Amino acid sequence: MPQSNTGSDTINASTAVESVNATIAEKQASASPAGIKHHAAFNWIQSDHIESLNLTLHKYQHIKTAALHYHLEAENAENVFLVAFRTVPTDSTGVAHILEHTALCGSKKYPVRDPFFMMIRRSLNTFMNAFTSSDWTAYPFASQNKKDFNNLLDVYLDAVFFTRLDELDFLQEGHRIEFKEAANPDSELEYKGVVFNEMKGAMSSPVSVLWQEVSKYLYPTTTYHYNSGGEPEDIPALTYQQLKAFHHTHYHPSNAIFMTFGDIPVFEHQEKFEQQVLLQFDRLNETITVAPEKRYLAPLAVEEAYAYDAVGDDTTEDKSHHVMSWLLGPCTSLDEMMRANLLSQVLLDNSSSPLRQALEKTDLGAAPSPLCGLEDSNFEMCFLCGIEGSKVESAKAFEQLVMKVLNDVATKGIAEEKLEAVLHQLELSQREVGGDSYPFGLQLILQGLTAAIHRSDPAALLNLDPVIETLRKDIKNPEFIKNLVRDLLIDNQHRVRLTLRPDERLSQRKEAAEKARLATIKAALTDKDKQNLVDRAAALALRQTQQDDPGLLPKVGLDDVPAELKIPQSLEQKITGSTATVFQQGTNGLVYHEIVSELPQLSETETSLLPYYSSCLTELGCGEKDYLQMQEWQSSVSGGIHASPSIRAHTDNAQLSRAYYFFSGKALQRNNTKLAALMSTTLNQVRFDENARIAELITQMRTQRERSVTGSGHTLAMTAAASGLSPIAALNHQFGGLVAIKTLKALDDSHSDAKNLSATAKHFSDIHEKITHAPRSYMLVLEADKQKNTLAEFETVWTPQSEKSASAFVLPEANVQIKQMWIANTQVNFCATAYATVTMEHKDAAALSVLGGFLRNGFLHTAIREQGGAYGGGATHDANIAAFKFYSYRDPRLSETLTDFNQSIEWMLNNSHEKRQLEEAILGVIGGMDKPGSPAGEARTAYHNALHQRTREKLQDYRQRILAVTLPDLKYVTEKYLKQGDANTAVITSSATLETVGDLGLEVIQL
Ligand SMILES: [Zn+2]
């Protein structure tokens, strides 16, 4: 799916007051025909039972204000709430985004500066956030604890409907000018503001620029033309008055959609909505909508630039992106949407799909663009495809390539089995219960939200079974796909070919323009203006250090923490002579297979190639079949197969480790045997002789990794900083860190010599030989009533193997000091330090884990985000690698942040702290441990933990120790590990910053 311009704001927090509400209005209840009681202030509109998801969706409308409420009634204790508003900005000042931030800065009932972050710390939430999308803004949260849910509901409702919108908050969160030395009117002026900096960081990602530029041309007249997050050049134009006016018309119940999921009765939700909010509003006669886009009568071809800061001897010659995009019909028509979805999948689903195949194989670019697929969240959908790592002059050839593929499909059609496979994929994703990244209920809510925002029916979007049945009939007609590709794409004149080329001077020019602008402003300042700026900066700084009374907010406490960890139980079985671990979980008709081997010892080269072998294993040919045929096979019977190592340290010694190799797959229950056959064939017959395919896969991985720096720079920096502390830490750096990016680049470049490519293929084959002969066991996740058949079918495929005994995978000890500055193509910085600590079983581990949250809540959040202007910052303990780590994310500063890390240690040691802060930090750690996952994900986690000797007893004991941590414990571990310890440092920055600030005494490494 293409990346949309959703500005997702990750925030962190934790507390608890009494949840007030004695239910006054039991008598105000009404009932729908289905017998579900709802509040009399609402009309029941409709109810739809969705069998494939095992839930019922009820729709209600508030009588007085016309606010909508969708309730997904499900037997799930992880309740979810979301309130969304249609927000359709008509410029790129980021008004919707800045409002989203400012709304969370205090409200009528909760007049504290930062209720959102304060609540994160006083809660057992499993999710809290706020999003600004291209045409909506939403405030969601989730919790498994009812008291906590109601606390959060109370704060959220007050925040969005009765926000204070203080001008100082607008200045802090939005934008302002300040003197570089805040009290010195002779120093230069600079722009500040959380959103201003956030968007500078976000728009330094080429993919964000690419999406923004595509939208700009594809949607010439509607709200999607603009960047709803805000363009750094346009943000300073927004005034406080404009922000308030936008709030008045957009954050009103008449423009609001409430959505809830879970087992709390709908009446209880509506009672709170009515009493706390809706009672106090009348209907607003203003309808916020998006009009259909004005259509182009001929295709457009355009070229734009993105800032590229070359690293080392990099050239910009092959750093261009080309994207083709088509504007399609409205997403409110379910049929139209599903047909577009089908076509998109037919063209792009996997490497054997015609368009993806062409984009992967072409020499015009290194890899398919990250913007490939159907974007169906805007009112009118669009389809995109593209390549990256291309030359600017290849634009036309790229377009010809794409049009040729489309014309081929229009003439020859697509074989029915392939269309069946695509419908099979839709069916599988409809059934699969998620919840590993977002709470499952929130996933469903977000899936239905687009329809609700555009005033169509979320139930239809959530219940795909009937539509899939219709499509199944449609594809019987051989003309169906041919007509679809003609109508939607070939004959569609509203299409844009965009080329995004690198410009090495662009960031300099932007910076110069910003400086010039500020100089002009400064020249026009009177003495009085200057004094005002100085005073305002002082007022803001004072306000940032002011401590609000947390007692104003509701909270949950340690008493509300469940006593026991919830870990799924497994059963041990014997299958084909090996151990099989079976988990019975509510998987909604899916089965999950894992083949687990003990990882044998590998040579140094083999170890370094292990991640790339793993990525290639399921992408190659097997036996008589080439990789294209294997891709088709996978798509027709499975929801994907994957391979990866799992290597973790002992719980009592970070220098020792255990290593396994996992080969996993999932499928609909009816394809259980077929999944087993597919996986067995892959493992037993994979061929490492398709060298061109291997080379192409490595190139794709390289472009993907190179792109990852602006998104996960903090993780990369922490991984680098900790890499000298233990063997696993070193391996993490080698497998997924900055070193891995360097290794991949070198590997990819080396493949221009065919001899090297053959050598890589040979290494893959050698690794495979070792892994397949290692002792093996199995893990299955299935539904209880299907167990007998599932296992019997499984056993018909997997027969006993001959095992060779081999020595186990052992890593060399690691203990080196790291002081590194990595130079990358980035306009923002990432800082990290790491200290050696202990593993889970050590008595200090619990206090170190609590310390991470304690330092973030009490010091780092204010110093690095609020005052320093970074998007985020904090500290965390990683018991697996025995390291305590500090980090900053999308940071305008460098050495000042490293100083802040040190100051937090002094702050910890030299101040007396409150019990409340301790409780908040403990809640944070426990909340993380108790976060639910998907049914299959929870089983997988339990299995991995057991394999790596993280037994139920050890985990439960660790949890008890966390709950028992005291303030003196925190000071003790700070003194012992951080004060006495040696800081390992790694920062990621640009060559421009290196020129201005120097190397800070660090070893400079070009990425
Ligand atoms: Zn934001």
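What the table below lists for this structure:
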{"read-out": "Region 257-371 pair-distance distribution - Cα-Cα, 5 Å bins, rounded %", "value": "2, 7, 9, 11, 11, 12, 11, 9, 8, 8, 7, 4, 1, 0"}
{"read-out": "Percent RCO, i.e. relative contact order, over region 324-415, from Cα pairs under 8 Å lying at least 6 residues apart", "value": "30 percent"}
{"read-out": "Selected from 107, 814, 172, residue furthest toward positive end of dipole (the chain; charges at beta carbon)", "value": "107"}
{"read-out": "Sequence-distant residues sharing a close amide H with residue 50 (under 5 Å, placed H)", "value": "55, 56, 57"}
{"read-out": "Convex hull per residue volume in Å³, alpha carbons only, for region 372-452", "value": "161 Å³"}
{"read-out": "Whole-Å semi-axes of region 302-366's equivalent ellipsoid (Cα gyration tensor)", "value": "32, 17, 9"}
{"read-out": "Accessible surface of the chain, 1.4 Å probe, proportion on carbon and sulfur as whole %", "value": "49 percent"}
{"read-out": "Column: log10 I(q)/I(0), Debye, Cα scatterers of region 203-337, q = 0.10, 0.11, 0.15, 0.19 Å⁻¹", "value": "-0.62, -0.72, -1.05, -1.24"}
{"read-out": "Per-q log10 I(q)/I(0), the chain, q = 0.08, 0.09 Å⁻¹ (Debye; single scatterer per alpha-carbon; no solvent)", "value": "-0.85, -1.13"}
{"read-out": "Sum of side-chain charges, residue 325 neighbourhood, beta-carbon under 9 Å (Lys, Arg +1; Asp, Glu -1)", "value": "+1"}
{"read-out": "Per residue convex hull volume, Cα atoms of region 575-715, in Å³", "value": "186 Å³"}
{"read-out": "Cleavage-rule hits (GluC sites (Glu not before Pro)) in region 504-610: DSSP loop, at most 11 neighbouring Cβ within 10 angstrom", "value": "564"}
{"read-out": "Percent RCO, i.e. relative contact order, over the chain, from Cα pairs under 8 Å lying at least 6 residues apart", "value": "14 percent"}
{"read-out": "Interchain or long-range residues, amide H under 5 Å from residue 45's placed H", "value": "59, 60, 61"}
{"read-out": "Average accessible surface area per residue within region 741-869, 1.4 Å rolling probe, Å²", "value": "41 Å²"}
{"read-out": "Kirkwood Rh in Å, taken over all unlike Cα pairs in region 472-613", "value": "27.1 Å"}
{"read-out": "Probe 1.4 Å, accessible area per residue of region 374-441, Å²", "value": "37 Å²"}
{"read-out": "Rounded FRET efficiency, nearest 0.05, which uses the C-beta distance separating residue 447 from residue 233 and R0 of 41 Å", "value": "0.75"}
{"read-out": "Kirkwood-type radius of region 816-916, with distances r between different C-alpha atoms, in Å", "value": "14.3 Å"}
{"read-out": "Segment residue 295-residue 416, length gained on full extension (0.36 nm per residue, minus Cα span)", "value": "40.2 nm"}
{"read-out": "Residues with amide H under 5 Å from that of residue 301, placed H, sequence gap 5 or more", "value": "497"}
{"read-out": "Cα-based convex hull, region 750-815, per residue volume (Å³, whole number)", "value": "211 Å³"}
{"read-out": "Over region 691-773 - Rg/Rh using Cα atoms and the Kirkwood inverse-distance radius", "value": "1.04"}
{"read-out": "Region 916-1007: radius of gyration over Cα atoms, expressed as a fraction of 2.2 N^0.38 Å", "value": "1.64"}
{"read-out": "Region 413-469, relative contact order in percent, only Cα pairs under 8 angstrom and at least six apart counted", "value": "29 percent"}
{"read-out": "Dimensionless Rg over Rh [region 578-645; C-alpha; Kirkwood]", "value": "1.03"}
{"read-out": "J(HN,Hα) series, region 325-336, from Karplus relation 6.51 cos²θ - 1.76 cosθ + 1.60, nearest Hz, glycine and proline x", "value": "9, 10, 8, 10, x, x, 6, 6, 8, 4, 4, 4"}
{"read-out": "P(r) of region 431-496 over all Cα-Cα pairs, binned every 10 Å from zero, in whole percent", "value": "17, 28, 35, 19, 0"}
{"read-out": "Whole-Hz ³J(HN,Hα) from phi, Karplus 6.51 cos²θ - 1.76 cosθ + 1.60, for region 360-371, glycine and proline x", "value": "6, 7, 5, 7, 6, x, 6, 7, x, 5, x, 8"}
{"read-out": "Assigned charges on the beta-carbon of Lys, Arg, Asp, Glu; region 191-279 dipole about Cα centre (debye)", "value": "300 debye"}
{"read-out": "Mean shadow area of region 29-101, taken as a quarter of the surface of its Cα convex hull (nm²)", "value": "7.4 nm²"}
{"read-out": "For region 873-1007, accessible area per residue (1.4 Å probe, heavy atoms of protein chains only), Å²", "value": "42 Å²"}
{"read-out": "Charged-residue dipole, Cβ positions (Lys, Arg, Asp, Glu), the chain about Cα centre, Debye nearest 20", "value": "520 debye"}
{"read-out": "Residue order for 392, 556 - accessible surface, 1.4 angstrom probe, largest first", "value": "392, 556"}
{"read-out": "Extreme residue, positive dipole direction of the chain, given options 679, 765, 359 (C-beta unit charges)", "value": "679"}
{"read-out": "Within the chain, helix-based [θ] at 222 nm, where runs of 4 or more DSSP H residues each add -39,500 (n - 2.57), nearest 500", "value": "-13000 deg cm²/dmol"}
{"read-out": "Net charge of Cβ neighbours under 10 Å - reference residue 262; Lys, Arg +1; Asp, Glu -1", "value": "-3"}
{"read-out": "Kirkwood hydrodynamic radius of region 257-322, Cα pairs, Å", "value": "19.3 Å"}
{"read-out": "³J(HN,Hα), Karplus 6.51/-1.76/1.60, whole Hz, each residue of region 612-629, x for Gly, Pro", "value": "7, 4, 4, 5, 7, 3, 8, 10, 10, x, 9, x, 6, 8, 8, 5, 5, 5"}
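The values are calculated or read from the model by the stated rules, or taken from the named source; none is laboratory data. Just so you know, these numbers come straight off a predicted model, no measurement behind them. Neighbour counts run over all protein chains shown; Cβ positions are idealised from the backbone, glycine included. Protein only, heavy atoms only, side chains kept; ligands, DNA and RNA dropped before computing areas. Shrake-Rupley method; radii C 1.70, N 1.55, O 1.52, S 1.80 Å.
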